[in-house]
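Inspection log for the structure reproduced underneath, given as structure tokens.
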Ligand SMILES: Cc1cc2nc3c(=O)[nH]c(=O)nc-3n(C[C@H](O)[C@H](O)[C@H](O)COP(=O)(O)OP(=O)(O)OC[C@H]3O[C@@H](n4cnc5c(N)ncnc54)[C@H](O)[C@@H]3O)c2cc1C
Ligand SMILES: Nc1ncnc2c1ncn2[C@@H]1O[C@H](COP(=O)(O)O)[C@@H](O)[C@H]1O
């Protein structure tokens with residue numbers, strides 16, 4: 001089975017991100033970047049499926065050259081090959097085009113992604129890539145079984161769970177809980193440092209959406225913080241009922 | 001003014017068939033605010049009168065035998081086929097689990113821009129501008145399409161569903177797409193409901209507990225508080241990782257993103273990853289014994305105190321209030 005895993009390089013969740021004074025760009029100096037947490041599950045799932053069905057696992061990232069760091073992490077975890085598309089100014093659609101091109105070129109049977117990239121949290125890549133490939137997709141999968149060509153998956157929806165049937169080739173985005181990602185071992189980390197990374201030139205496409213400006217949300221919260229006396233608790237209830245009108 | 005087209009995705013939503021899901025009514029309300037005409041696209045049949053009360057001008061019922069079992073691929077294809085032959089400048093979806101799968105697919109099929117999970121929309125001249133949270137809500141971006149048509153998904157509970165001043169009597173037209181097995185390689189074979197349990201994504205009130213609850217047995221307090229408020233139980237990652245609560249209750253960056261009318265955090269510190277999942281709640285309240293806990297910085301109302309002391313008293317007070325109101 002040919003498996004492609006798409007991984008993204010994102011600011012650490014705890015990073016402080018601010019905007020330039022005019023709001024046209026983000027200030028990222030000093031921000032630590034990491035492998036998108038969901039993509040660890042995607043890499044692990046690819047390795048598990050390879051163990052069961054044989055085949056090859058290729059990891060791909062679209063981003064600046066620093067992003068190759070996460071390709072090395074994936075190689076150390078056990079991926080067979082890594083590819084980097086150097087591009088920084090693409091919108092999500094543009095990134096999806098690069099992924100779809102690569103998946104087509106390698107005749108991927110299974111394209112694995114994380115459920116969301118924690119930078120833009122757009123939850124769209126699996127559907128967009130699969131629509132570009134004319135393939136089916138299932139997003140936010142928490143359980144995946146493949147038998148021959150048949151795919152069985154489960155995913156969380158509001159108030160429950162969907163059970164789905166599908167077939168290969170398919171695009172799947174995975175959710176936390178689907179597996180327990182392995183930690184790469186030190187010798188494998190060392191070995192991964194010298195493995196080749198393929199560079200694939202991006203295909204430039206017109207962006208479909210544009211960010212006009214950024215700002216830091218200034219949500220005005222009432223911020224009435226009370227003590228724990230009986231009178232305070234009664235006041236808390238009154239505020240929720242009369243002022244906020246939510247209970 | 002763009003003609004606006006609206007998808008009412010009530011398919012498979014609940015056994016309550018024929019009822020339009022709230023996220024779709026919110027989308028209809030939002031679309032009405034900027035569009036000259038709102039058309040609702042429904043898979044199967046739908047409650048015409050209800051859509052009329054929300055001011056829909058026209059209803060298209062899309063039906064085909066291959067749409068009987070839900071398949072995101074087939075539904076997206078069916079919607080796109082209709083949209084390819086009818087002019088609508090903007091297509092709206094509720095950003096529900098299904099909406100988030102359908103909307104980007106429809107956008108690709110229409111070669112349109114996709115603006116995901118928006119919390120506000122407006123019309124600037126002839127262009128839609130939308131606001132969407134980035135980086136776990138630390139930043140907001142104002143985005144706009146660079147294509148003639150646009151597909152937008154709207155974060156649930158950020159737009160209030162409002163009935164129109166005067167109900168309309170929408171014309172109902174049926175549309176039969178051209179579908180074959182190629183279009184439904186993924187099919188939902190069944191749906192398991194979390195019986196008797198309100199989901200954090202659907203609740204107007206969410207009461208969450210964190211490590212401050214000290215152990216799984218004390219979540220009975222959280223459950224009781226949620227129950228007197230008619231809300232759902234949520235949890236921080238710390239207590240989910242500890243095995244005290246199921247992952248389906250986790251709120252935050254690696255859990256669910258909720259925006260209820262009231263989010264009440266009990267014994268939760270308010271780590272940035274937790275805030276990512278609840279900071280767009282209408283009202284935030286917190287109980288924490290540490291007055292410097294970060295959760296108080298984003299709270300509208302707070303009590304500095306011990307959950308074991310405060311929650312039982314709070315439950316009593318709320319019961320009294322409910323009795324007075326009854
Ligand atoms: C990549 C990543 C993703 C993450 N995703 C999530 C996520 O989705 N959701 C999430 O919640 N977290 C997430 N986290 C974890 C997050 O950083 C915090 O560790 C977690 O939210 C802490 O949970 P907590 O508030 O319950 O526990 P703590 O931080 O331990 O806070 C407990 C609080 O309870 C208070 N307390 C203690 N005893 C009492 C008492 N008797 N009465 C009143 N108050 C009391 C304390 O003052 C304290 O503020 C993520 C972390 C990472 C790195
Ligand atoms: N620049 C990128 N390069 C490779 N994969 C990506 C990139 N951006 C997003 N992805 C993949 O798409 C998933 C969902 O991202 P998104 O739809 O942007 O929230 C991520 O978890 C990754 O698997």
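Assorted remarks:
- Checking each residue in region B:246-279 for being more than 9 Å from ligand 1 (Cβ to nearest atom), surrounded by fewer than 21 Cβ atoms within 10 Å (Cβ to Cβ) and assigned to a loop (DSSP other than H, G, I, E, B) picks out B:246, B:259, B:261.
- Residue, nearest to ligand 1 (Cβ to nearest atom), within region A:130-156, restricted to residues that are more than 9 Å from every other protein chain (Cβ to nearest Cβ) and not in a strand (DSSP E or B): A:133
- Only a single item in (1) more than 10 Å from ligand 2 (Cβ to nearest atom); (2) in contact with a helix residue (DSSP H, G or I) (Cβ under 7 Å, 6 or more places away or on another chain) is not met by residue A:142, and it is number (2).
- Residue match in region A:95-118 (condition: under 15 Å from residue A:10 (Cα atoms), within 13 Å of chain B (Cβ to nearest Cβ) and more than 16 Å from ligand 1 (Cβ to nearest atom)): yes
- Flag for residue A:208 being surrounded by fewer than 16 Cβ atoms within 10 Å (Cβ to Cβ) and modelled with pLDDT of 95 or more: no
- Index of the failed condition, residue B:106 passing every other in (1) buried (at least 23 other Cβ atoms within 10 Å of the Cβ); (2) within 8 Å of chain A (Cβ to nearest Cβ): (2)
- Residues that are crowded, with 24+ Cβ neighbours inside 10 Å and out of contact with any helix residue (DSSP H, G or I) (no Cβ under 6 Å at 6 or more places or on another chain) within region A:105-115 comprise A:108, A:110, listed in sequence order.
- Test: residue in region B:184-194 that is assigned to a loop (DSSP other than H, G, I, E, B) and under 21 Å from the mean Cα position of the chain (by Cα): yes
- Scan of region B:214-235 for residues that are under 26 Å from residue B:155 (Cα atoms) and either away from every other protein chain (no Cβ under 14 Å) or within 11 Å of ligand 1 (Cβ to nearest atom) (or both), ordered by number: B:234, B:235
- Any hit, region A:67-75, residues being over 22 Å from residue B:274 (Cα atoms), assigned to a loop (DSSP other than H, G, I, E, B) and more than 14 Å from chain B (Cβ to nearest Cβ): no
- Qualifying residue in region B:226-240 (condition: within 30 Å of residue A:166 (Cβ to Cβ) and at pLDDT below 95): no
- Checklist (1) more than 29 Å from residue A:36 (Cα to Cα); (2) surrounded by fewer than 21 Cβ atoms within 10 Å (Cβ to Cβ); (3) out of contact with any helix residue (DSSP H, G or I) (no Cβ under 7 Å at 6 or more places or on another chain); (4) at pLDDT 95 or above applied to residue B:204, failing item: (4)
- Test: residue B:325 is at the interface with chain A (Cβ under 10 Å from one of its Cβ atoms), out of contact with any helix residue (DSSP H, G or I) (no Cβ under 7 Å at 6 or more places or on another chain) and either within 15 Å of ligand 1 (Cβ to nearest atom) or modelled with pLDDT under 95 (or both): yes
- Which numbered condition residue B:319 misses (of (1) farther than 25 Å from residue A:154 by Cβ; (2) assigned to a loop (DSSP other than H, G, I, E, B); (3) more than 9 Å from chain A (Cβ to nearest Cβ)): (2)
- Condition broken by residue A:54, with the remaining ones in (1) within 14 Å of another protein chain (Cβ to nearest Cβ); (2) closer than 26 Å to residue A:110 by Cα; (3) more than 16 Å from ligand 2 (Cβ to nearest atom) satisfied: (1)
- Of all residues making up region B:50-68, the number that are out of contact with any helix residue (DSSP H, G or I) (no Cβ under 9 Å at 6 or more places or on another chain), at pLDDT below 90 and assigned to a helix (DSSP H, G or I): 0
- Residue check for residue A:222: surrounded by fewer than 18 Cβ atoms within 10 Å (Cβ to Cβ) and facing another protein chain (nearest Cβ under 7 Å): yes
- Some residue of region B:236-257 being within 13 Å of another protein chain (Cβ to nearest Cβ), over 26 Å from residue A:176 (Cα atoms) and either within 21 Å of the chain's Cα centre (by Cα) or within 16 Å of ligand 2 (Cβ to nearest atom) (or both): no
- If you filter region B:125-148 down to residues that are more than 9 Å from every other protein chain (Cβ to nearest Cβ) and out of contact with any strand residue (DSSP E or B) (no Cβ under 7 Å at 6 or more places or on another chain), you find that the one that is nearest to residue A:205 (Cα to Cα) is B:148.
- Scanning region A:104-122 for residues that are without any contact (Cβ under 8 Å) to a residue 24 or more places away in the chain and part of a loop (DSSP other than H, G, I, E, B) yields one hit, A:121.
- Pick from region A:5-22, criterion within 16 Å of ligand 2 (Cβ to nearest atom) and in contact with a helix residue (DSSP H, G or I) (Cβ under 6 Å, 6 or more places away or on another chain), ranking: nearest to the other protein chains (Cβ to nearest Cβ): A:13
- Some residue of region B:69-76 being within 11 Å of another protein chain (Cβ to nearest Cβ), free of Cβ contacts under 8 Å to residues at least 24 places away in the same chain and not in a strand (DSSP E or B): no
Conditions tested, residue by residue: (1) closer than 20 Å to residue A:221 by Cα; (2) at pLDDT below 95.
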site	(1), (2)
B:245	no, no
B:273	yes, yes
B:276	yes, yes
B:281	yes, yes
B:302	yes, no
B:315	no, no
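- In region A:225-243, residue surrounded by the most Cβ atoms within 10 Å (Cβ to Cβ) [restricted to those that are facing chain B (nearest Cβ under 7 Å) and in a loop (DSSP other than H, G, I, E, B)]: A:228
- For the criterion of being at pLDDT 95 or above and either in a strand (DSSP E or B) or within 8 Å of chain A (Cβ to nearest Cβ) (or both), residue B:173 fails.
- The criterion of at least 3 residues that are within 7 Å of chain B (Cβ to nearest Cβ) and over 22 Å from the mean Cα position of the chain (by Cα) is met, among strands (runs of 3 or more DSSP E) falling completely within region A:157-219, by A:160-167, A:209-215.
The values are calculated or read from the model by the stated rules, or taken from the named source; none is laboratory data. Quick caveat, the model's predicted, so the values are computed rather than measured. Reconstructed Cβ throughout: ideal geometry from the backbone, glycine too, with neighbour counts over all protein chains shown.
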